[in-house]
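Okay, so here's the structure we're looking at.
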Amino acid sequence: MVAGSESIDHLFTVADPVLRPAVGAVGGAWSTLDPLTLLDTRCQLIFDLGDGPQPLPQDVARERRLFELEWLDEAPNTFTDLWRSGRTAAALSIDIGDPSTVPRFAELLAPLGATDELRVLLRAAGAAWGVLCLYRAVGTFSASDVAVAEACAPVLAVELRALLLRLASAGPTATAPGSLLLDADDATIVTSPQAESLLGEADEAVVGPTLRSLAAATRRRGAASALMPARRAMVSLHGAPAKGLDGGVMVVVQHVGADRVVPLLMARLGLTDSESRVVELVLRGESRVSAARSLGISVHTVGDHLSAVYGKAGVSSRAELCALVFDLVYLPGRDEGATPDAFGHYLPVD
């Protein structure tokens, strides 16, 4: 039924009325994930409101609060917790006993009438491509409900992965790179249509100062890079001296996905190589213990690196660090309603 779906919405809306009744769930939140960071790239809520299953309008404030609670290190049955533990499905009532003791459930789900949560991680080919959160309004999920979800998950994961890869190969996921030439006074002499289009996606009040700062850094160092938020995705700018034009700077402008934004962000924050390696593991959901084991260092050293990273990034926790990356990398595309692909990029919006 889900095989050959041409859109993420179609896959989710076809699968939902099959899986949700099978486990007695009244609602579901279907999300795609970026395998690189396990951060959410698109979410579709479907609840049975009396007129049959239907998508709900996006509640940005509620969804953002859910993410903040999701990213807390101590939260149980999070996406990263399922990934780290190698589990496919888990019910709060079975694992925790009382779902109301979990902050995200008590604050956001219980007031809506939910009585339990069943999470399903859609993993295939060694990566996580999506997650499904199912909710009950009466009673709790049973072990047999978890088993049903575990049985369905591999099929859904394979189809979702195939769809995301098809979307990535169907056409360009971003506007082609553009370029522009600045003179010694930072005035634009020549620009390409692609550069104009990309810069047009950013806040006008940010473009000028960013270009001037980039040009100054290029003249000092011989080359420089900068990141700038845009509507659909982050935009990177790379400056180099323009030969034959005294004080001139050539700037290349392009969209970047999570695979490039995260390293660029680390460079902009001035992280050391060791700090960057710790951040990469933490963003993928590794605990301090597992990160220490992977890097061959002590847990104390991992903690020292994270403290330094939080200070440089102006945050105080993993949750805030994840929120920073989410805002820079994924939020622009999500807010525009763009479709994600398998690599943390968003397809152009028609």
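The values are calculated or read from the model by the stated rules, or taken from the named source; none is laboratory data. Owing to the predicted nature of the structure, the values given are computational and were not obtained by experimental measurement. So basically every Cβ, Gly included, is an ideal-geometry build from the backbone, and we count neighbours across all protein chains shown.
Given the residues Ala162, Ala124, Ala137, Ala153, which is the only one that is buried (at least 17 other Cβ atoms within 10 Å of the Cβ) and within 22 Å of Pro76 (Cβ to Cβ)?
Just a single option satisfies the conditions, and that option is Ala153.
Of all residues in region 10-65 being outside any strand (DSSP E or B), among the acidic types (Asp, Glu) and modelled with pLDDT under 85, which is surrounded by the most Cβ atoms within 10 Å (Cβ to Cβ)?
Glu63
Here is a list: Asp327, Asp335, Asp273. Which entry is surrounded by fewer than 19 Cβ atoms within 10 Å (Cβ to Cβ), farther than 30 Å from Arg161 by Cβ and not hydrophobic (A, V, I, L, M, F, W, C)?
Result: Asp273 is the single residue among Asp327, Asp335, Asp273 that is surrounded by fewer than 19 Cβ atoms within 10 Å (Cβ to Cβ), farther than 30 Å from Arg161 by Cβ and not hydrophobic (A, V, I, L, M, F, W, C).
Those residues that are among the charged types (D, E, K, R) and under 16 Å from Ala342 (Cα atoms), I need them from region 5-28; list them, please.
Of everything in region 5-28, those that are among the charged types (D, E, K, R) and under 16 Å from Ala342 (Cα atoms) turn out to be Glu6, Asp9.
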